[in-house]
Amino acid sequence: MKLANSTIVITGGASGLGAAVARHVTTNGGNAVIADLNEAAGLELASQLGEQATFSSTDVTCPDSVNATLDLAQKQTQPFRGVVNCAGIIAAGKVVGKKGPHCLETFSKVIGVNLIGTFNVIRLAAERFVSNEPNEEGERGVIINTASIAAFEGQMGQVAYSASKAGVAGMTLPLARDLARDGVRVMTIAPGIFDTAMMAGMPDEVRASLAATVPFPSRLGDPEEFAKLATHIMENSMLNGEVIRLDGALRMSAR
């Protein structure tokens, strides 16, 4: 699938990895629908990117909210052909901590946004993609999800986050198999430690320490590198049903 003349919805698109994807989409001639709850940041990014970008306030856990965003995507001048799911939250907590057992509400919220929210967008977008006219290879749409290396090597205190991202990774292949006959591809990227807003708030010495754990290149990942991979996945039709680690060979320790 070519990004040029395509509309792509990016959840969590107002900042970090999602914002980098939105920039890549517009740079490559596509339309970006920035779907996020952060209205100020989303409108600012859309303004920067110009006529090829549109902001839509979106709660990925709410079907009505997602449907409104996808309806907006279908009204763009270029056909709606892709989704990149970057929306997510993180919460730390041990199974049994100083204040007692892990908060069930917190665990449920992380699963609700990261896993159920991702699937909510997938199912509603896929319903629209299967009605698209296929391209010369029979392709009707592309879905790219964001997991994390925490899905495979979750650290202490990451039980909720790791479970949510493991779910995203685990549903990749069955999703791809379900949608194969309709010409819709599904892929997942599992990034390592990236220089996003969450990392920006950490002290320099902590950032340097984390960067040093990456074998090569020994630095934090650049959101631009995530966006480059997402772009390649969209344009390489043989990539389907797989989780790609983007982590500089990092394998996280227990803590």
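Where a number appears in this text, it was derived from the coordinates with a stated rule and is not lab data. Remember, it's a predicted structure, so these values are computed and weren't measured experimentally. Cβ coordinates were reconstructed from backbone atoms using ideal geometry, including for glycine residues, and neighbour counts include every protein chain displayed.
Farthest toward the positive end of the dipole of the chain, out of Val130, Val66, Ala151, is the Cα of Ala151, where the dipole comes from beta carbon charges about the Cα centre. Give me the net charge for the shell around Ala20: Cβ to Cβ below 13 angstrom, other residues only, Lys and Arg +1, Asp and Glu -1. Residues close to Ala20 contribute a combined charge of -2. Using the Cβ-Cβ distance between Ala40 and Glu224 with R0 set to 25 Å, the FRET efficiency from 1/(1 + (r/R0)^6) comes to roughly 0.65.
Stretching Met202 away from Leu173 to a fully extended chain increases their span by 6.9 nm, per 0.36 nm per residue minus the current alpha-carbon distance.
Electrostatic tally near Gly82: other residues with Cβ closer than 13 Å to its Cβ, Lys and Arg +1, Asp and Glu -1, net +3.
When both bridge partners sit in the chain, DSSP labels roughly 5% of those beta bridges antiparallel. Computing FRET efficiency as 1/(1 + (r/R0)^6) for Ala254 and Ser209, where r is the C-beta to C-beta distance and R0 is 25 Å, gives about 0.95. Amide H contacts under 5 Å for Asp59: Val66, restricted to partners 5 or more places along the chain or on a different chain, H placed in the peptide plane at 1.01 Å from N.
Given a Förster radius of 22 Å and the C-beta distance between Ala180 and Thr77 as r, what FRET efficiency does 1/(1 + (r/R0)^6) yield to the nearest 0.05?
Details: r = 29 Å, r/R0 = 1.32.
So the FRET efficiency works out to roughly 0.15.
Only the Cβ atoms of Lys and Arg (+1) and of Asp and Glu (-1) were treated as charged; on that basis the dipole of the stretch 95-181 about its Cα centre amounts to roughly 500 debye. Label separation (Asn28 vs Met238): 1.7 nm, computed from points 7 Å beyond Cα along the C-beta direction.
What is the dipole size for the chain, taken about its Cα centre, with +1 at each Lys and Arg Cβ and -1 at each Asp and Glu Cβ, in debye to the nearest 20? Intermediate results must be reported in sequence, preceding the final value.
Numbers: 21 positive and 25 negative charges, 157 e Å.
Using only the charged Cβ atoms, the result is roughly 760 debye.
Taking amide hydrogens as placed 1.01 Å from N in the peptide plane, the amide H of Ile244 sits under 5 Å from those of Thr188, Ile189, Ala190, each at least 5 positions away in sequence or on another chain.
Between the amide H of Thr7 and those of Asn31, Phe80, Arg81, Gly82, distances stay under 5 Å, these residues lying 5 or more places away or on another chain, with hydrogens modeled in the peptide plane. Relative to the Cα centre, the charge distribution of the stretch 152-234, modelled as +1 at Lys and Arg Cβ and -1 at Asp and Glu Cβ, gives a dipole magnitude of about 340 debye. Of the GluC sites (Glu not before Pro) found in the stretch 110-188, those that fall in a DSSP loop while having at most 16 other beta-carbon atoms within 10 Å are Glu136, Glu137, Glu153. Helical content alone sets the calculated 222 nm signal of the chain at -12000 deg cm²/dmol, taking -39,500 (n - 2.57) per DSSP H segment of four or more residues and averaging over every residue.
Compared with the direct C-alpha span, the chain from Glu105 to Gln48 gains 16.8 nm at full extension, assuming 0.36 nm per residue. Dividing the mean sequence gap of close Cα pairs (under 8 Å, 6+ apart) by how many residues the stretch 104-210 holds gives a relative contact order of 30 percent.
For the chain, what's the relative contact order in percent, using C-alpha pairs closer than 8 Å and at least 6 residues apart?
Values: 531 pairs, mean separation 52.4, N = 255.
Answer for the chain is 21 percent.
Kirkwood Rh and Cα-based Rg: tell me the resulting Rg over Rh for the stretch 7-246, rounded to two decimals. Before the final figure, lay out the partial values.
Values: Rg = 17.5 Å, Rh = 18.2 Å.
Answer for the stretch 7-246: 0.97.
Arg177 sits among other residues whose Cβ lies under 13 Å from its own Cβ, and their net charge, with Lys and Arg +1 and Asp and Glu -1, is -1. Annotation for the stretch 132-183 versus the stretch 19-88: alpha-carbon center distance of 19 Å.
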